[in-house]
Amino acid sequence: MGFKTIDGLMRHLRDHGISIAGSSQKRQLMNTGYFHGYKGYRFFGDSGHKLPFTSYSEVYATIQYDSKLKALFYDKIMFIETAVKNIALESILLKSNSENIQVMYDKVISSYKNSPVGSNAERKKKMQQNKLNLQNTIQSNLARAYKAANPKIAHFYNDVHYTGVPIWALFEIMMMGDFGFLLSCLTFDVRDDISCKLGINISSDTDRQLVYKYIYTLKDLRNAIAHNAVVFDTRFRKIDPTRAMKRCLENEIGVPYVNFKTIGDYVLLMCYYLKLLHVSKTEIKGFIREFERITNEYVKSVNTGVSAIVVHPDLEGRMGALKNFI
């Protein structure tokens with residue numbers, strides 16, 4: 001027989017130095033899965049950096065820690081996405097002086113003909129290509145929504161007096177990554193307006209890229225949560241932070257560095273946005289305390305070799321700086 005039963009997998013784990021026994025742990029292994037659970041959580045960051053587990057209880061505690069992080073983060077990310085969309089929507093509508101998508105393309109999306117003064121031919125071509133890619137993305141979103149009979153879109157097309165899907169309806173169906181791409185395609189003055197409305201520290205953001213770079217950063221975490229992927233070790237991270245991304249958070253929050261290689265940095269970014277969006281200090285500090293509580297609970301449930309890898313030694317100090325900033 002080429003595959004292992006649950007009992008066989010338990011023996012396999014014991015053979016590899018992971019103590020596991022009893023009906024309770026057998027059920028935990030069945031519920032979380034050997035490949036999704038043990039194989040997915042036995043390392044930190046990449047498969048070459050294995051965590052020194054000695055018991056399955058530590059593996060299961062890590063899975064539970066990851067699940068609690070996802071539950072804690074999800075509603076905050078969704079709130080941030082919705083709020084930033086609404087702020088961006090207002091700026092786009094005002095700058096376009098229209099709710100028509102084609103007018104948006106013409107007036108507030110960077111292209112060859114409205115590129116900044118001094119742009120070379122290559123930069124102009126890149127802006128034009130990005131505009132064309134954005135148009136394709138938007139049309140694909142609208143077609144998919146219509147095919148699915150999404151009422152937010154379908155009723156515009158099914159109306160005999162249809163004149164076009166408004167920008168605000170498009171924003172209702174846009175995924176976070178596509179929204180970030182749209183932000184990146186906006187003209188400088190519109191990105192500047194959105195950044196100022198949000199209150200982002202633009203002192204080191206001369207190109208006004210933070211407004212979409214941070215959305216891309218949170219998008220990676222959001223997608224990992226939505227697809228039940230691992231988040232505790234930030235293996236979902238796809239973007240290397242720019243100097244402006246680092247400097248903004250370092251200067252605002254008062255931490256010595258930011259690299260998004262540990263989950264604590266994503267907590268910094270979420271709390272930075274929550275403060276910008278005028279969420280109460282009580283709510284933000286409650287969010288931080290809950291993150292600290294489940295992290296401390298996790299540290300107590302695993303051996304020090306594991307906790308030293310998973311929980312960065314300066315996390316407590318960084319959370320202290322974050323609370324002072326709030």
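The values are calculated or read from the model by the stated rules, or taken from the named source; none is laboratory data. This structure is a prediction, so every number in the text was calculated from the model and none was measured. Cβ sites come from the backbone with ideal geometry, for glycine too, and all protein chains shown count toward neighbours. For accessibility, only protein heavy atoms count, side chains too; no ligands or nucleic acids. Shrake-Rupley method; radii C 1.70, N 1.55, O 1.52, S 1.80 Å.
So how do Ile77, Ile6 rank on accessible area, 1.4 Å probe, biggest first, that is with the largest at the start?
Ile6, Ile77
Could you list the residues of the stretch 20-52 with an amide nitrogen less than 11 Å from a label point located 7 Å from the Cα of Arg14 in the Cα-to-C-beta direction?
Counting backbone N atoms under 11 Å from the label point, the list is 20-22.
Rounded to whole Hz and in sequence order, give me ³J(HN,Hα) for the stretch 61-66 from the Karplus expression 6.51 cos²θ - 1.76 cosθ + 1.60, θ = phi - 60°, writing x for Gly and Pro.
Coupling constants for the stretch 61-66: 4, 5, 4, 5, 4, 4 Hz.
Helix 188-198 versus the longest principal axis of the chain: what is the Cα-based angle in degrees, 0 to 90, to the nearest 10?
60 degrees
Counting each DSSP H run of 4 or more residues in the chain as -39500 (n - 2.57), what helix-only mean residue ellipticity at 222 nm follows after dividing by all residues, to the nearest 500 deg cm²/dmol?
After summing the helix terms and dividing by the residues of the chain, the value is -20500 deg cm²/dmol.
So which of Lys50/Lys246; Lys70/Lys300; Lys95/Lys285; Lys238/Lys323; Lys213/Lys300; Lys39/Lys285 end up more than 25 Å apart, counting from Cα to Cα?
Violating the 25 Å Cα-Cα cut-off are Lys50/Lys246; Lys95/Lys285; Lys238/Lys323; Lys213/Lys300; Lys39/Lys285.
Per residue, how large is the accessible surface of the chain? Use a 1.4 angstrom probe and give square angstrom.
Solvent-accessible surface per residue comes out at 49 Å².
Any idea what % of Cα-Cα pairs in the chain are farther than 37 Å?
The answer is 31 percent, as a whole percent.
Mean separation of Cα pairs under 8 Å and 6+ residues apart, divided by the residue count of the chain: what relative contact order is that in percent?
Taking the mean separation of contacting Cα pairs over the length of the chain, I get 19 percent.
Treating only the Cβ of Lys, Arg, Asp and Glu as charged (+1, +1, -1, -1), what charge dipole size does the chain show about its Cα centre? Round to the nearest 20 debye.
Computed about the Cα centre, the dipole is about 540 debye.
Rank Phe236, Phe35 by accessible area, highest first, at a 1.4 Å probe radius?
Phe35, Phe236
Can you give the accessible area of Asp46 in Å² (nearest 10), computed on protein heavy atoms with a 1.4 Å probe?
90 Å²
Using a 1.4 Å probe, how large is the accessible area of His227, given in Å² and rounded to the nearest 10?
Accessible surface of His227 is approximately 140 Å².
Within the chain, what whole-number % of the accessible surface is contributed by carbon and sulfur, with the 1.4 Å probe and all protein chains included in the calculation?
51 percent
Under the 0.36 nm per residue contour assumption, what length would be gained going from the current alpha-carbon distance of His36 and Tyr157 to full extension?
Working it through step by step, the gained length comes to 39.3 nm.
Need one value: the accessible area of Met319 in square angstrom, 1.4 angstrom probe, rounded to the nearest 10.
Answer for Met319: close to 0 Å² accessible.
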